[in-house]
Amino acid sequence: MSDRRPRTADGRRRAVFLDRDGVINRAIVRDGKPHPPSCPAELEILPGVPEALARLKEAGFRIIVITNQPDVARGRQTREAVEELHTALLTSGLPIDSFRVCYHDDDDRCDCRKPAPGLLLAAAKEDDLDLAASVMVGDRWRDVEAGRQAGCATIFLDCQYAERRPSRPDLEVRSLAEAVDWILGEKIERTGGG
C-alpha cells in the first residue's frame with residue numbers, strides 16, 4: 001500500500017488521535033461516568049465510526065488511538081483484557097494504525113496518562129508526525145488537555161457525562177462523523193491542505 005498520509009510542507013505526516021471509550025466504542029456509563037468494556041462481548045462500536053475512520057484513512061491520515069486504562073493499575077482489569085479489546089476492534093475492520101495505552105493511575109505521576117501529552121509526543125517522534133497539523137478527538141477533558149499540551153487541534157465529543165468539561169476545545173461535536181467533517185474540511189484548509 002502506498003503512503004497516502006497527508007504531509008506538511010516539511011514532509012511530516014498528519015494524524016488524528018482518538019480516545020477509545022466513548023469515541024470509537026460505547027462507554028459503559030454508571031452514575032454519569034464512563035467506564036471501559038471489560039471484554040470483547042461488551043464491546044459496541046458506535047454508529048458511524050467505521051465510515052468516519054474509513055474517510056480519514058482514505059484522506060491519508062494516520063489513525064492512532066490514545067487511551068488511559070487505569071483499571072489495570074487498580075487491579076480491575078488485565079493488560080491482556082485491554083489487548084483483547086484492541087484486537088477485537090482491529091478484526092472488526094476498523095483502519096486503526098496503532099494503539100497507545102497508559103496503564104497507570106493518577107498516583108503514578110507518569111508522563112503518559114492524559115492529560116499529560118506523553119503518548120502523543122512519543123507517537124510524533126516515532127512516526128514523524130506534525131502535531132500542529134494533527135487533531136486529538138476525545139470525550140473527556142483529559143483528552144482535550146493532552147491534545148492542547150501536545151500542540152494539536154482539539155475536538156471534544158460531548159457525551160454529556162456528569163463530570164468536568166474541557167476548557168476551550170477547538171470544536172465541540174456530538175459524533176465522530178461530525179469531527180471528521182471538520183477535520184477533512186476546515187482543518188485541512190486551515191493547515192494549508194494535503
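Quick rundown of the values:
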| read-out | value |
| --- | --- |
| Residues within the range 49-64 that are surrounded by fewer than 21 Cβ atoms within 10 Å (Cβ to Cβ), aliphatic (A, V, I, L, M) and in contact with an Asp or Glu (Cβ under 9 Å, 6 or more places away or on another chain), tallied | 1 |
| Answer residue from the range 140-167, given it is out of contact with any Pro (no Cβ under 7 Å at 6 or more places or on another chain) and under 13 Å from I66 (Cβ atoms) and is surrounded by the most Cβ atoms within 10 Å (Cβ to Cβ) among those | G147 |
| Close pairs (6 angstrom Cβ cut-off, 6 or more residues apart or separate chains): under 17 Å from S38 (Cα atoms) in the range 87-102, of a type in the set (D, E, K, R) and at pLDDT 95 or above anywhere | C102/R113 |
| Pairs with Cβ under 7 Å, 6+ apart, first in the range 131-157 and of a type in the set (S, T, N, Q), second part of a helix (DSSP H, G or I) and buried (at least 22 other Cβ atoms within 10 Å of the Cβ) | T154/V144; T154/G147 |
| Among (1) surrounded by 17 or more Cβ atoms within 10 Å (Cβ to Cβ); (2) touching a Gly at 6+ places or on another chain (Cβ under 8 Å), the one test that I96 misses | (2) |
| Selection status of I45, under 25 Å from P115 (Cα atoms) and crowded, with 19+ Cβ neighbours inside 10 Å | no |
| Selected residue (only one of D105, D71, D19 is surrounded by 12 or more Cβ atoms within 10 Å (Cβ to Cβ), touching a strand residue (DSSP E or B) at 6+ places or on another chain (Cβ under 7 Å) and of a type outside the set (F, W, Y)) | D19 |
| Condition broken by L120, with the remaining ones in (1) of a type outside the set (K, R); (2) under 24 Å from A59 (Cβ atoms); (3) surrounded by fewer than 18 Cβ atoms within 10 Å (Cβ to Cβ) satisfied | (3) |
| Evaluation of R62 against (1) basic (K, R); (2) free of Cβ contacts under 8 Å to residues at least 60 places away in the same chain; (3) within 27 Å of R168 (Cα to Cα) (one fails), failing number | (2) |
| Check on R79, surrounded by fewer than 19 Cβ atoms within 10 Å (Cβ to Cβ), under 14 Å from the mean Cα position of the chain (by Cα) and among the basic types (K, R) | no |
| Any hit, the range 56-68, residues being touching a strand residue (DSSP E or B) at 6+ places or on another chain (Cβ under 9 Å) and over 24 Å from T154 (Cβ atoms) | no |
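The values are calculated or read from the model by the stated rules, or taken from the named source; none is laboratory data. Keep in mind the model is a prediction, meaning the values are calculated, not measured. No Cβ is skipped: glycine too gets one built from the backbone with ideal geometry, and neighbour counts run over all protein chains shown.
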